[in-house]
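Worksheet for the structure shown next.
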Amino acid sequence: MRSIMKTFIQLTGAIVLSVILSACTENNSSHHGHDDEVKKGEHGGRLLTDGDFTIELSIFETGVPPEFRVWAINNGELLKPTDVDLNVTLTRLGGKKDNINFKPHGDALRGDMVIYEPHSFVVTINAKHNGATHSWQYDNFEGRTKIEKAVAKALDIETSVAGSVTLQETISVFGKVVANAERVRDIHARFDGVIKSVALSVGNKVEKGQTIATIESNESLKLYSIKSPISGVITHRDANPGEQSEARKLFTITDPSSVWVDLSIFPADQNRVRVGAPVTVNTAASEQSARGMIETINVIAEADQSVTARVVLDNKEGKFVPGSYVKADIKVAEHPVELAVKRSGLQAFRDFTVVYAQIGEEYEVRMLELGKQDDEWVEVLGGLEAGTRYVSKNSYVIKADIEKSGAAHDH
């Protein structure tokens with residue numbers, strides 16, 4: 001029944017998301033600039049015509065960073081690039097303008113600046129030829145959508161501001177949970193004699209001062225009690241009524257509220273691990289985790305040439321069972337970086353890794369050049385300005401809406 005309910009909830013959520021995104025796309029289709037009527041020229045660029053005058057505007061990127069190339073035609077004849085005075089202004093999301101001028105280059109006009117990603121802007125063109133001015137304007141949007149504030153809140157879209165952080169460099173190691181030997185007590189009879197009674201067995205909990213057995217002394221023939229010196233669990237019992245206690249170990253009591261985690265550090269990492277280094281320990285069989293630090297590092301190598309680094313963990317909740325295997329991440333270095341974003345915000349777009357910048361109710365891709373990373377953050381080397389607000393949670397919602405719109409990458 002629980003499985004059926006879970007499936008129902010998932011299906012309901014998917015349907016609601018689809019409906020909401022459909023509404024967003026219908027209401028904001030004009031923001032994507034998807035135009036099936038765009039005419040292309042022989043160089044693959046967009047044709048813009050005003051009377052007998054036509055230009056072909058193309059983003060050229062063969063062997064060079066993306067730049068504009070323009071061919072001008074009048075009455076069907078290709079004009080010399082020196083006969084045309086051309087200016088293009090790109091107005092990007094947020095109002096930033098790129099002003100591009102042109103110089104002759106072969107039979108074309110060549111723009112004087114790189115058209116950086118995303119290629120998403122309002123394009124304004126002014127061309128002069130023989131004293132006449134020709135102007136055009138069109139939307140060339142890609143990777144952009146608009147989602148109203150209330151809808152974004154309902155979809156649990158969260159944003160953060162890109163800035164400087166300190167990355168935590170870690171190494172992953174494996175180890176084993178063992179009983180904290182400082183919380184283990186072996187119990188022997190104080191005076192040899194006959195075991196008269198045993199109150200507890202292996203697995204039973206015991207409180208400090210609780211009687212766990214009674215013995216009749218062989219010398220005095222008097223009864224005396226064996227009391228637990230600590231609170232914990234009986235983990236060993238070798239005592240039965242009627243037996244002689246002799247000198248053997250009768251009980252072991254272990255306090256499981258604290259455990260040791262012995263981690264194997266191999267030669268390649270031994271010079272990087274230090275006492276006091278923060279550690280995150282995860283159980284191999286579940287999602288249980290805990291934080292601690294390296295308390296000691298053994299100076300003697302094991303047979304496999306590893307050394308043992310020990311972590312002491314509070315285990316009052318019983319997450320870690322002695323004898324079980326664990327994986328741990330040990331912090332070995334810190335790396336301050338000037339600009340980083342949360343990994344939770346990253347998405348794939350075309351051949352890029354991107355985040356979605358937010359300006360008002362509009363969202364648009366930012367193609368990233370990435371550097372170092374840790375479990376939470378990734379360094380940004382290019383493609384994003386410091387101080388940009390970007391989607392850091394549920395960015396897949398933005399991606400889904402953009403893909404649904406079918407926004408094109410127009411050259």
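The values are calculated or read from the model by the stated rules, or taken from the named source; none is laboratory data. Every value quoted in this text rests on a predicted model; they were computed, and no experiment measured them. Cβ coordinates were reconstructed from backbone atoms using ideal geometry, including for glycine residues, and neighbour counts include every protein chain displayed.
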* **Filtered residue count, the stretch 163-176, keeping only those that are farther than 17 Å from Ala328 by Cβ, among the β-branched types (Val, Ile, Thr) and surrounded by 17 or more Cβ atoms within 10 Å (Cβ to Cβ)** => 1
* Asked: Scanning for something under 20 Å from the mean Cα position of the chain (by Cα), modelled with pLDDT under 95 and among the hydrophobic types (A, V, I, L, M, F, W, C), does the stretch 316-327 turn up at least one residue?
  -> no
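Residue-wise test of (1) assigned to a loop (DSSP other than H, G, I, E, B); (2) over 54 Å from the mean Cα position of the chain (by Cα); (3) within 30 Å of Val332 (Cβ to Cβ).
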position: Pro229; (1), (2), (3): yes, no, no
position: Pro241; (1), (2), (3): yes, yes, no
position: Lys249; (1), (2), (3): yes, no, no
position: Val259; (1), (2), (3): no, no, yes
position: Ser264; (1), (2), (3): no, no, yes
position: Ala268; (1), (2), (3): no, no, yes
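Being loosely packed, with under 14 Cβ neighbours inside 10 Å, polar (S, T, N, Q) and within 24 Å of Glu182 (Cβ to Cβ) is the requirement here; does Asn240 meet it? I'd like the intermediate steps shown before the answer.
Numbers: loosely packed, with under 14 Cβ neighbours inside 10 Å: yes; polar (S, T, N, Q): yes; within 24 Å of Glu182 (Cβ to Cβ): no.
For Asn240, the condition - loosely packed, with under 14 Cβ neighbours inside 10 Å, polar (S, T, N, Q) and within 24 Å of Glu182 (Cβ to Cβ) - is not met.
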* Go through (1) closer than 30 Å to Lys319 by Cα; (2) in contact with an Asp or Glu (Cβ under 9 Å, 6 or more places away or on another chain) one by one and return the number of the condition Asp186 breaks. => (2)
* Asked: Which of the residues belonging to the stretch 170-194 are part of a strand (DSSP E or B), among the aliphatic types (A, V, I, L, M) and more than 12 Å from Glu246 (Cα to Cα)?
  -> Ile171, Val173, Val177, Val178, Ala179, Val184, Ile187
* Asked: Got at least one residue in the stretch 207-226 being under 47 Å from the mean Cα position of the chain (by Cα) and either modelled with pLDDT of 95 or more or closer than 28 Å to Phe320 by Cβ (or both)?
  -> yes
* To do: Taking Lys399 as the residue in question, decide whether it is surrounded by 14 or more Cβ atoms within 10 Å (Cβ to Cβ), in contact (Cβ under 8 Å) with a residue 12 or more places away in the chain and part of a loop (DSSP other than H, G, I, E, B).
  => no
* Residue list for the stretch 370-411, filter: modelled with pLDDT of 95 or more, over 19 Å from the mean Cα position of the chain (by Cα) and of a type in the set (D, E, K, R) -> Glu385
* **Hits in the stretch 207-255 (condition: charged (D, E, K, R), farther than 18 Å from Asp186 by Cβ and in contact with a Phe, Trp or Tyr (Cβ under 7 Å, 6 or more places away or on another chain))** => Glu219
* Condition broken by Leu250, with the remaining ones in (1) crowded, with 17+ Cβ neighbours inside 10 Å; (2) outside the structural domain of Thr211 (by TED's automatic domain parsing) satisfied -> (2)
* Asked: Just for the stretch 98-121: of the residues that are touching a Lys or Arg at 6+ places or on another chain (Cβ under 8 Å) and of a type in the set (A, V, I, L, M, F, W, C), which one is farthest from Trp71 (Cα to Cα)?
  -> Phe121
* Return only the number of the condition from (1) touching a Leu at 6+ places or on another chain (Cβ under 9 Å); (2) at positive phi that Gly323 does not satisfy. => (1)
* Asked: Which one is surrounded by the most Cβ atoms within 10 Å (Cβ to Cβ) among residues in the stretch 253-273 that are in contact with a strand residue (DSSP E or B) (Cβ under 7 Å, 6 or more places away or on another chain), in contact (Cβ under 8 Å) with a residue 40 or more places away in the chain and farther than 30 Å from Ala213 by Cβ?
  -> Val261
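Given the residues Thr54, Thr89, Thr133, which is the only one that is modelled with pLDDT of 95 or more, within 39 Å of the chain's Cα centre (by Cα), assigned to a strand (DSSP E or B) and farther than 27 Å from Ser395 by Cβ?
After applying the criteria, what remains is Thr89.
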* To do: Hey, can you tell me all the residues within the stretch 336-357 that are under 17 Å from the mean Cα position of the chain (by Cα), surrounded by fewer than 20 Cβ atoms within 10 Å (Cβ to Cβ) and closer than 30 Å to Asn271 by Cβ?
  => Val337, Arg343
* Qualifying residue in the stretch 70-81 (condition: closer than 18 Å to Tyr116 by Cβ and within 49 Å of the chain's Cα centre (by Cα)) -> no
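Are any residues in the stretch 337-371 among the acidic types (Asp, Glu) and assigned to a strand (DSSP E or B), and if so, which ones?
Step one: list which residues in the stretch 337-371 are among the acidic types (Asp, Glu), which gives 338, 351, 361-362, 364, 369.
Selection gives Glu338, Glu362, Glu364, Glu369.
Of all residues in the stretch 296-335, which are basic (Lys, Arg), closer than 23 Å to Gln168 by Cβ and either in contact with a strand residue (DSSP E or B) (Cβ under 6 Å, 6 or more places away or on another chain) or surrounded by fewer than 13 Cβ atoms within 10 Å (Cβ to Cβ) (or both)?
Just the residues of the stretch 296-335 that are basic (Lys, Arg), to begin with: 310, 316, 319, 327, 331.
Then keep just the ones that are closer than 23 Å to Gln168 by Cβ; that gives 310, 319, 327, 331.
If the condition is that a residue be basic (Lys, Arg), closer than 23 Å to Gln168 by Cβ and either in contact with a strand residue (DSSP E or B) (Cβ under 6 Å, 6 or more places away or on another chain) or surrounded by fewer than 13 Cβ atoms within 10 Å (Cβ to Cβ) (or both), then Arg310, Lys327, Lys331 are the ones that fit.
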* Structure fact -> Among the residues of the stretch 177-198, the number that are more than 26 Å from Val259 (Cα to Cα) and surrounded by 13 or more Cβ atoms within 10 Å (Cβ to Cβ) is 9
